[in-house]
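Accompanying notes for the structure given below.
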2 protein chains.
Amino acid sequence: MENERSPEEIIVRIIELLDAKKYIRARDEILSLDAVETAEALEEVLEKPGIECAVILFRMLPKDVSVEVFSYLPVDDQLTIVNAITDKEVKYIIDELDFDDMIDVLEELPANIVDKILEKTTKEERKLINTFLHYPEDSAGSLMTPDYISLQKNMTVGEAMAHIRAVGMDSETIYTCYVKDRGRKLIGIVSLRALVVAESGMFISDMLNGDMVYVNVYDDQEKVSETFKRYGFLAIPVVDNEQRLVGIITVDDILDVIEEEYNEDVERMAGVLDSGDADYLDMGVFRHVGSRLPWLIFLMISAMLTGTIIRSFESLLSNVISLAVYLPMLMGTGGNSGSQSATLVIRGMAVGDLELRDAARVLWKEVRISFIIGVVLSCLNFAKILFLDRESLYVAVTVCVSMVVIVTLAKCIGGLLPMLAKRIGIDPALMAAPMISSLTDLISCMSYFALATLIFRL
Amino acid sequence: MENERSPEEIIVRIIELLDAKKYIRARDEILSLDAVETAEALEEVLEKPGIECAVILFRMLPKDVSVEVFSYLPVDDQLTIVNAITDKEVKYIIDELDFDDMIDVLEELPANIVDKILEKTTKEERKLINTFLHYPEDSAGSLMTPDYISLQKNMTVGEAMAHIRAVGMDSETIYTCYVKDRGRKLIGIVSLRALVVAESGMFISDMLNGDMVYVNVYDDQEKVSETFKRYGFLAIPVVDNEQRLVGIITVDDILDVIEEEYNEDVERMAGVLDSGDADYLDMGVFRHVGSRLPWLIFLMISAMLTGTIIRSFESLLSNVISLAVYLPMLMGTGGNSGSQSATLVIRGMAVGDLELRDAARVLWKEVRISFIIGVVLSCLNFAKILFLDRESLYVAVTVCVSMVVIVTLAKCIGGLLPMLAKRIGIDPALMAAPMISSLTDLISCMSYFALATLIFRL
């Protein structure tokens, strides 16, 4: 990276050269980028001059580099490339990809192309690929690779090192090695660090650590990433229901999973249906509409209920029209109060600080917090309504009492609803923002008008 | 993990035994847990029977296990333990911790305790520790460890392996080794995998990969975690402004950073001030109030502006009281529409799909999306208002025209505001939910009443 030009500048230059059809010079430029940067350049070329230029560029890469670059492309772009190159070229890429990357590509390809590729593989390979293709999406099975190093427990350290040297280049990682018994059951894990430091005559069986942490093939990827976070491992073994070792998952793949789970949560909080890995700009207008409209309609319908409540208090409202002035403020504060509590409780459950059995403690804490917050906000409002807005004492008291009630109800609902969601098996993140806001809007409106009716009757 | 009882059951049992003062049996139970699980048990004991029992339990652990367990505890609990044990015990733990874990603990300890610990270290160690303590929080410098393996470029592979064998146990990782020149400048990186596979007579200088990816000590941790995600590395070298190697960051520490950044984003989206690493239940009521009240007040004040707008249309409202019925629905839909766009744009910027220069494309896309969404929602409302609510055509037209205008404005603001925030150096995540909702509330209210005035004048 001693270049005077940044990768971004080089990419801009490459696109200029491609536009001018100066392919050889474009190729020279691209060779000064590393594989990740080349993949980024290819992404941009795909977007701007388009697929023809991208394929020309891709074909100009040295063969081994092209496979690595391919593995760094987003899935959508991989498919675009695969559809634009010859079957022979596809076969070469598929063969050279790491097993787990290959499975990722095959999962996305249309069935007829997959069949064509599988035709050319050996029967054994085909069986393995088919097994991997059938694990549920987002399961440990769909993330794992079978390219791990297995050692025998009666090997010496020297023999183990020789074995690693022989097969090391084809393994996903050599830093963690696995020991199986005759029935393929996982019986131990040895790190390369331990092997390097050990005497070469020592037996593997004497180095096995009985404490093994593993995941099941059908475990959800969220559980897998939790396990990685908890233990800080570089790789984790995956076993089937009989505790037979079927593959491993490495930490680099988990970084992607964590990001994916994070995006899912954030999108749920904003009321957007899962948009997958798609780029904002690449997604068509109708796909954007499709991912946003369902929640908007759902939330609109629940907001209509709030309207119905207002309608039922129409005569009160027409007598005291200034009640309408404070409604948005109360509803907004209720919604924000509830979202705060919901988010903190969801986070607490996600990191394991909060369990369902803590519900009573959460409730008690939220009641105290919301009482204090409610009183502070009420005081501010009381002063403003009486002295700035010069409204009647009735209005001021109505707004202030409502404020305490609304904040308290909103925070208690916000705290408990995510726990309830978890209890009945719904993703708590769904409760974070829009759901809670809709519910608190309804409750705020009801409390406000009910209290107003009471107070104005006095 | 062939235990018949789950770790949770064992932890419950330990707490029962401690309550019954059966310490030896509690200790026997705890030895069946691994270090991570023991740390979790200790956390629970700290919460329930309390600090006395926790210290008893902690002291019963074998010494080397106790340090590992300590390193897995959350910072708050580490401090609790440190304050309850003797200086000598603290010194032992500090000495045995990995360098980066030690720095994390020292950063949190009160200055007088740090000084007492530093007194007992050598002058050189003290200098190193002090340098590390002075990197800004959340910088690469605050995450790194100096315990890496450096090789000389004129070493052979055999010599390198012997060196690794000798110092391997004290290094944070041995899987990536670093080569420096005389001026301590980083000149290359060699993986243990490459060393293991290579002939033992080969020279390190022939194995160096010119493509080095590194970060600067002052880079923000978010940039560091982006680099890890991009390249999938196990470790990344950290250099100073003169490109001298000062430390390395390993991927296990990055998993924590990613979680921290995620929590920060989510809390900002919910309008909660940074609550750090604190547990929901451990945080006192007043600390909860402190992290929630500021945003609620800010948002309440902006909602008061919405109230002012309603007041200025009071006469219109008292004539057509049913306008109030549809206000919450329009405001809610505006807020949700804006949040959706903001979240998608923020995510796009975070993963690098969207740049500031894409603003015009984002705007054009949001205009088209919101027009379609606005029209669909309007049609639903038109039917409902005329046939279910049996309101006048004027009201129906006002609500429907407002809906299209509000959704369009909200989505354009939601799309552009995060970009503007980034442009002027504010965290875009702040724009995601509450800020956008407040702004769209204001705009929804204004558009609705302005359109109503126009339409009812016809």
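The values are calculated or read from the model by the stated rules, or taken from the named source; none is laboratory data. Computed from a predicted model, the values in this text were never measured in an experiment. Counting neighbours? That spans all protein chains shown, and the Cβs are built from the backbone with ideal geometry, glycine included.
Listed conditions (1) surrounded by 16 or more Cβ atoms within 10 Å (Cβ to Cβ); (2) farther than 12 Å from B:Q152 by Cα; (3) touching a residue at least 12 places away in the same chain (Cβ under 8 Å) are all met by B:V167, apart from (1). Taking the stated definitions as given, is A:E9 without any contact (Cβ under 8 Å) to a residue 24 or more places away in the chain, assigned to a helix (DSSP H, G or I) and surrounded by fewer than 20 Cβ atoms within 10 Å (Cβ to Cβ)? Against the criterion (without any contact (Cβ under 8 Å) to a residue 24 or more places away in the chain, assigned to a helix (DSSP H, G or I) and surrounded by fewer than 20 Cβ atoms within 10 Å (Cβ to Cβ)), A:E9 qualifies. Here is the figure for region A:143-157: residues that are farther than 29 Å from A:I258 by Cβ and in a strand (DSSP E or B) total 2. Summed over region B:28-53, residues that are touching a residue at least 24 places away in the same chain (Cβ under 8 Å) and surrounded by 17 or more Cβ atoms within 10 Å (Cβ to Cβ) total 15. Quick one: which of A:I236, A:I189 is out of contact with any helix residue (DSSP H, G or I) (no Cβ under 9 Å at 6 or more places or on another chain), outside any loop (DSSP other than H, G, I, E, B) and not small (G, A, S)? Of A:I236, A:I189, the one residue that is out of contact with any helix residue (DSSP H, G or I) (no Cβ under 9 Å at 6 or more places or on another chain), outside any loop (DSSP other than H, G, I, E, B) and not small (G, A, S) is A:I189. Please work out which residue is nearest to A:S402 (Cα to Cα), limiting yourself to region A:357-385 and to residues that are surrounded by fewer than 16 Cβ atoms within 10 Å (Cβ to Cβ) and more than 9 Å from every other protein chain (Cβ to nearest Cβ). Top of the filtered list is A:V375.
Restricting A:L344, A:L316, A:L293 to those that are surrounded by fewer than 21 Cβ atoms within 10 Å (Cβ to Cβ), in a helix (DSSP H, G or I) and facing chain B (nearest Cβ under 7 Å) reduces the list to A:L293. For region A:79-98, a residue qualifies if it is surrounded by fewer than 20 Cβ atoms within 10 Å (Cβ to Cβ) and touching a Phe, Trp or Tyr at 6+ places or on another chain (Cβ under 8 Å), and the qualifying residues are A:I85, A:L97.
Looking at the structure I just gave you, is B:I174 of a type in the set (A, V, I, L, M) and not in a helix (DSSP H, G or I)? So B:I174 passes the test.
Taking first residues from region A:303-331 that are closer than 18 Å to A:C379 by Cα and partners that are part of a loop (DSSP other than H, G, I, E, B), the Cβ contacts under 8 Å between residues at least 6 apart in sequence or on separate chains come to A:V325/A:D389. Filtered by the rule that a residue be among the aromatic types (F, W, Y) and either within 12 Å of another protein chain (Cβ to nearest Cβ) or surrounded by 24 or more Cβ atoms within 10 Å (Cβ to Cβ) (or both), region B:403-458 gives B:Y448, B:F449. For region A:204-221, the count of residues that are crowded, with 16+ Cβ neighbours inside 10 Å and free of Cβ contacts under 8 Å to residues at least 12 places away in the same chain is zero. Yes or no: region B:240-262 includes at least one residue that is of a type in the set (G, A, S), in contact with a strand residue (DSSP E or B) (Cβ under 8 Å, 6 or more places away or on another chain) and either crowded, with 17+ Cβ neighbours inside 10 Å or on the phi < 0 side of the Ramachandran plot (or both). Yes, some residue in region B:240-262 is of a type in the set (G, A, S), in contact with a strand residue (DSSP E or B) (Cβ under 8 Å, 6 or more places away or on another chain) and either crowded, with 17+ Cβ neighbours inside 10 Å or on the phi < 0 side of the Ramachandran plot (or both).
Within region B:254-274, being at the interface with chain A (Cβ under 8 Å from one of its Cβ atoms) and under 10 Å from the mean Cα position of the chain (by Cα) holds for B:L255, B:D256, B:I258, B:E259, B:Y262, B:N263, B:D265, B:V266, B:E267. Contact annotation: residue pairs with Cβ atoms under 8 Å, 6 or more positions apart or on different chains, pairing a residue in region B:87-110 that is free of Cβ contacts under 8 Å to residues at least 40 places away in the same chain with a partner that is surrounded by fewer than 20 Cβ atoms within 10 Å (Cβ to Cβ) and assigned to a loop (DSSP other than H, G, I, E, B), are B:K91/B:K120; B:V105/B:L97; B:E107/B:E137.
Answer with yes or no whether B:A160 is buried (at least 20 other Cβ atoms within 10 Å of the Cβ) and either touching a residue at least 12 places away in the same chain (Cβ under 8 Å) or part of a helix (DSSP H, G or I) (or both).
Numbers: buried (at least 20 other Cβ atoms within 10 Å of the Cβ): yes; either touching a residue at least 12 places away in the same chain (Cβ under 8 Å) or part of a helix (DSSP H, G or I) (or both): yes.
Answer is yes for this residue.
For region B:382-402, how many residues are of a type outside the set (K, R) and either in contact (Cβ under 8 Å) with a residue 40 or more places away in the chain or not in a helix (DSSP H, G or I) (or both)? So the answer is 11. Set side by side, the residues B:I406, B:I373, B:I369, B:I413 differ, and just one is modelled with pLDDT of 90 or more, among the hydrophobic types (A, V, I, L, M, F, W, C), closer than 25 Å to A:E260 by Cβ and in a helix (DSSP H, G or I), which is B:I369.
Per-residue answers, yes or no, for (1) in the same structural domain as B:F99 (by TED's automatic domain parsing); (2) of a type in the set (A, V, I, L, M, F, W, C); (3) under 32 Å from the mean Cα position of the chain (by Cα):
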residue	(1), (2), (3)
B:E172	no, no, yes
B:T176	no, no, yes
B:V179	no, yes, no
B:G183	no, no, no
B:L186	no, yes, yes
B:D211	no, no, yes
B:V215	no, yes, yes
B:K223	no, no, yes
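Among all residues of region B:132-150, there is none that is surrounded by 16 or more Cβ atoms within 10 Å (Cβ to Cβ), closer than 21 Å to B:E68 by Cα, out of contact with any Pro (no Cβ under 8 Å at 6 or more places or on another chain) and free of Cβ contacts under 8 Å to residues at least 40 places away in the same chain.
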